[in-house]
Every structure is written in C-alpha cells, then in structure tokens.
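Here it is: the structure, laid out below.
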Amino acid sequence: MDLARIRRVIEEVTGAEYTGPSGVWRLLKRHRWSRQIPTRRAYERDEKAVMTWRSEVWPQVKPLPSTAKR
C-alpha cells in the first residue's frame, strides 16, 4: 500500500495534513478501511475503452514534470 499517495489525496481533497505514513495508516484503521487490491481483472473489462482512455484522456490530465529543483 502506498500510504504517501493516500496522504497526498487526503491533503488535496480535504486540506488535512498528516505527518507521515503512520498517521495515514491509523486514520485508515480507525475508519475500518483496508487496502483492496483486485486479484484479477474484471471479466467485463473493455480493453478497447481502456486503451482509448490511456491514449486520449490520460495525456490531457496527467501532471507535467516539475522543472524546478527541490
């Protein structure tokens, strides 16, 4: 589970900041949430629609790499 990604989403959506993965993990446990990773792809998955989304939509919404040095 990528707690850093979850932390970033929480911060973007709610404005709440957590200091690290342990805070995010405790939050998830408190709400009785767990990571849920599919064991297989859905039978109904439309591969053509997925490829269209990846080639047409994703390039428009994906963040550009930052050129500023950190």
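Only the coordinates and a few stated rules stand behind these numbers; no lab work does. The structure presented is a predicted model; accordingly, all values stated were derived computationally and were not measured. Every residue, glycine as well, gets a Cβ built from its backbone with ideal geometry; the counts of neighbours run over all protein chains shown.
Under a point spin-label approximation (7 Å from Cα along Cα-to-Cβ), what is the Arg41-Arg8 distance to one decimal in nm?
2.5
When a/c is below 1.5 the answer is rounded, else prolate if a/b is larger than b/c, else oblate, so apply that to the chain with a ≥ b ≥ c taken from the square roots of the Cα gyration tensor eigenvalues.
oblate
When you count, for each residue, the other Cβ atoms within 10 Å and take the mean per peptide, how do 55-61, 16-22 rank with the highest first?
Highest mean packing first, the order is 16-22, 55-61.
Turning to a different aspect of this structure: Rounded to the nearest 500 deg cm²/dmol, what is the calculated helix-only ellipticity per residue at 222 nm for the chain, with -39500 (n - 2.57) per DSSP H run of length n ≥ 4?
For the chain, the value works out to -12500 deg cm²/dmol.
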